[in-house]
Every structure is written in structure tokens, then in C-alpha cells.
1. Yes or no: the range 172-193 includes at least one residue that is in contact with a Cys (Cβ under 9 Å, 6 or more places away or on another chain) and either part of a strand (DSSP E or B) or modelled with pLDDT of 85 or more (or both).
2. Could you give me the residue pairs with C-beta distances under 6 Å whose first residue belongs to the range 156-170 and is of a type in the set (S, T, N, Q), whose second residue is at pLDDT 80 or above wherever it lies, and which are 6+ apart or on separate chains?
3. Can we say Phe48 is modelled with pLDDT of 85 or more, of a type in the set (Phe, Trp, Tyr) and either outside any loop (DSSP other than H, G, I, E, B) or out of contact with any Gly (no Cβ under 6 Å at 6 or more places or on another chain) (or both)?
4. Out of the range 43-56, which residues are touching a strand residue (DSSP E or B) at 6+ places or on another chain (Cβ under 8 Å) and farther than 12 Å from Glu188 by Cα?
Amino acid sequence: PFPSPPHRGAPGFFLGGPSDPAPPPPAPRPPRFKCGLPRPCPPRHFAFRLLSGAANVVGPRICLEGRELMSSVKNNVGRGLNIALVNGGGGAERGGGLGGGEGPIGDLLRFLRPLHEGTLVLVASYDDPATKRLGGATFSGASAGRPKDLGFRDSWVFLGAKGVQDRSPFEQHVRNSRGSNKYEGWPEALELGVGRPDPQG
């Protein structure tokens, strides 16, 4: 007759053989903070994260203080320039996917004109942000340096504020170049995410 199996509580054996060693515990996940940043912002700063679109496949993302303002998940992004305007107190915001290459240029100008002092301007491009019909003054009130230089399928992310005299340090731009493009026909996607000093703090 077969021997009886050991008592269920017997350590180290099952049906007469040694048990497998216990799997190691999973490594702890690194902590994530507002907007998925790897570290918290200093006091009197606010967190933001901007991601441009990847080619014409993955949409852009705009996040401020842990709030997802624009993304493919929210279904409020589109080809061209995706812009979120947030008042200086971090409260009400407006956003829109505005195509500099496709949509009427008047729509973009009307969207940007009611900029009040202290309004934050967050921009992430997707697919083709070409704004050849835009003058540099369109974003100059928000301290942007690159919009007049944007070309076909360039990538651009930017955060600025109305009333800031100096050019914003929160801006990245990469040109569409056949020799350096990461994707076929498009440059790499851009990501910008840090803590910005809070003008209200």
C-alpha cells in the first residue's frame, strides 16, 4: 500500500518529497508622486508633467498638480497643438486640441487671446503642430520662445505664464529630421516634468 501523505501542517514535505522554496517577495515599487513624478516638488512649487504625442499613434498628456487635464484617456486631445490654460490660483482651466496645421487659425487665436495675468499655459504637440501662419507674438505673452519656429511634425512641449518677462525655462523642441527621427517620419516624443515655483506661494 502507498504510504499515507504527511500531515498537512508538516513543514518542508508534500507527498513524501521536499517542497519548493518560497518565492522571494516582490521588489517594492519606487514611490510615485503627483503626475507620476519620481520625486516630490519642493515647498511652494507645483508639479506638472507634459508629454508630446509619439508619432501619430500615442496621444499627448498634460498633467498639473496630480490632475490629468488632457490625455487620450480623457478623449480631449487632437492633432496639432494641445493647450491647457489654468488660472494663477490653480483652479479653473480650459483646454483644447487645436490643430495648427488643420484647424482654422482663428480658433487658436480666439482661444489664446483672453489670457489674464498669471494664467498658466501648458502645451503638448501631437502628430503635426506646424504653425507657419502664427506669428511669434501668439505665445510671446506667455514667455514661449519656439512657436514661430515650429515645422512640419516637430515635437514641442511648453509651460509658461502670462506676465512673465523672461523666457520660460520649461520648454523643449525637437525638429523633424530624416537623419535623426526616432520614428519613421516623426522625431522622438518629448517629456517635461518637474516642480515649478508657485507664483501664488
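The values are calculated or read from the model by the stated rules, or taken from the named source; none is laboratory data. It should be emphasised that the depicted structure is a prediction, and the values quoted were computed from it without experimental measurement. Counting neighbours? That spans all protein chains shown, and the Cβs are built from the backbone with ideal geometry, glycine included.
1. Yes, the range 172-193 has at least one match.
2. Hits for this filter: Ser168/Gly160.
3. Spelling it out, Phe48 is indeed modelled with pLDDT of 85 or more, of a type in the set (Phe, Trp, Tyr) and either outside any loop (DSSP other than H, G, I, E, B) or out of contact with any Gly (no Cβ under 6 Å at 6 or more places or on another chain) (or both).
4. Once the filter is applied, which keeps residues that are touching a strand residue (DSSP E or B) at 6+ places or on another chain (Cβ under 8 Å) and farther than 12 Å from Glu188 by Cα, the range 43-56 yields Arg44, His45, Phe46, Ala47, Phe48, Arg49, Leu50.
The rows are residues; the columns are (1) exposed (fewer than 14 other Cβ atoms within 10 Å of the Cβ); (2) at pLDDT 65 or above; (3) under 19 Å from Pro187 (Cβ atoms).
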residue	(1), (2), (3)
Met70	no, yes, no
Asn82	no, yes, yes
Arg94	yes, no, no
Leu115	no, yes, no
Thr119	no, yes, no
Val123	no, yes, yes
Thr131	no, no, yes
